[in-house]
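This report concerns only the one structure given below.
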């Protein structure tokens, strides 16, 4: 009896099928089926899993709002302290944190005065918020606030000695206003050694 490999290589007689050729064709068909199956699975994964996630993934409130709130107009409905208040915009109360300044906390000297002054400037009025497009860790919109498009609330608080220019701010006009307030002993600058709010918060665990 001839070995198997010689049977596969010999020329088949009439009516006789070469076993090797049959096996090779069968193997090729299996590979084709496997390749088609893998291709279908790849398409399924992409369109059903990946694309579906892109469409159905819910937006966070921050993501949904940041894109449209670089500048908007609304009514001030509450004042929490000198540099934080709420603006009603499209039926939603947006929390605003004045950018580049820091008012004394309510437990500090001139904290109440800062709140009262901000309240007199803004409460119940329509303001324009010019935001930097981001929010802080508390979800508040960071920006400058203008009353009647002319009064810069951030600058007014610094000018009256009721806020510090934030230590990392690059706003030169605020720096100049703070310098003038110090020279004129306005507001908190009547104190010999006023404690800035960021240091006060550290010591008071706030």
*Any chance you could get the radius of gyration and Dmax over the Cα atoms of the stretch 110-182, in Å?*
12.5, 33
*Förster radius 45 Å - calculated FRET efficiency between residue 42 and residue 193, Cβ distance, rounded to 0.05*: 0.05
_Mean Cβ count within 10 Å, highest first, over the residues of peptides 102-110, 166-174, 90-98_ = 102-110, 90-98, 166-174
*Once every Cα of the stretch 66-203 carries one equal point scatterer and solvent is ignored, give the base-10 log of I(q)/I(0) from the Debye formula at q = 0.15 Å⁻¹, two decimals.*
-0.68
*asked:* Suppose a student asked you for the relative contact order of the stretch 84-185, using Cα pairs under 8 Å spaced at least 6 residues apart; what percent would you report?
replied: 27
*At R0 = 35 Å, FRET efficiency that the Cβ-Cβ distance of residue 138 and residue 173 yields, to 0.05*: 0.85
*In a Debye calculation with equal point scatterers on the alpha-carbon sites of the stretch 74-145 and no solvent, what is log10 I(q)/I(0) at q = 0.20, 0.24, 0.25 Å⁻¹?*
-0.79, -1.10, -1.17
_Give me the extension gain from residue 71 to residue 201: residue separation times 0.36 nm, minus the current Cα-Cα distance, reported in nm with one decimal._
43.8 nm
*Alpha carbon centroid spacing (whole Å) that separates the stretch 156-206 from the stretch 90-113*: 14
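FYI, it's all coordinate maths here, none of it is from the lab. Just so you know, these numbers come straight off a predicted model, no measurement behind them. Ideal geometry is used to build each Cβ from the backbone, glycine not excepted, and the neighbour counts take in all protein chains shown.
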